[in-house]
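Data first, discussion second: the structure below is written as C-alpha cells.
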Amino acid sequence: MDLLTLRDQFEKQRVLLSFNGPISHSLIEEIGKAIRNYLNSESAAPSAAMDVFSTYIEMTQNISHYATAMGYDEQRATATVAVARGEQGHYLVSAGNVVEHADGQRLMAAVEELGEMDAVELKRCYKQQLRKPREDGSRGAGLGLIDMARKSCQPLQSNLTPLSDQQSFFCITATI
C-alpha cells in the first residue's frame, strides 16, 4: 500500500478525516469526537460545527442500523466516511455503504425529490414527517434525510453503483 499517494490524494481533495471499514456504535462515537475536536481546533462557526457533526452522526447511524436490520455480517456491515473542506470553504460530509439495490433506488429517489425542494418546502416536509408515526421495520430515509437536506447549503448529492445483481454501493454527500 502506498500511503504517501493516499496522503497526497487526501490533501488534494482536502479530506480532513476519513474512515473505511466495519462500523460500530463506539466507533461512530469516537470518530464524532475527532470531528468535533478538529472543527474546534479550526475555529469553525459553532452552527457549522454542529451541522457537520449531526450530519455525520445521522449518516453513520443510518448505515449501522441498516446493516443490522439486513443481518449483514461484519464484511458487508462496513461504511466509507469522509469529511472534507470544499473549494468555497464549505464542509463536505460523505458516507457510503453496501445496500440492496431496491433500497438504493428508493434512497436515490428520495434524495432527488428533496433536491427539488426549496427551504420552505423542506421545512414543511420535515414538519409533516414529524407528525407521521414511525413505521415498524422502517429503514430510514425519513426525518433524518430531510434534516440533512435542510442543513445542506446545496442539494444532497448521491450515487448508486451496482456491485452485483442484488447489491449496490450507495453514497451521499451533504454540503455544510
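Over the chain, what portion of Cα pair distances is larger than 28 Å, expressed as a whole percent?
For the chain, the share of Cα pairs beyond 28 Å comes to 23 percent.
Give me D for segment 47-102 in µm² s⁻¹, whole number, from Stokes-Einstein with Rh from the Kirkwood sum over alpha-carbon pairs, 25 °C and 0.890 mPa s.
198
Just so you know, all these numbers are worked out from the coordinates, no wet-lab data involved. The shown structure was predicted, so the numbers you read here are calculated from the model rather than taken from an experiment.
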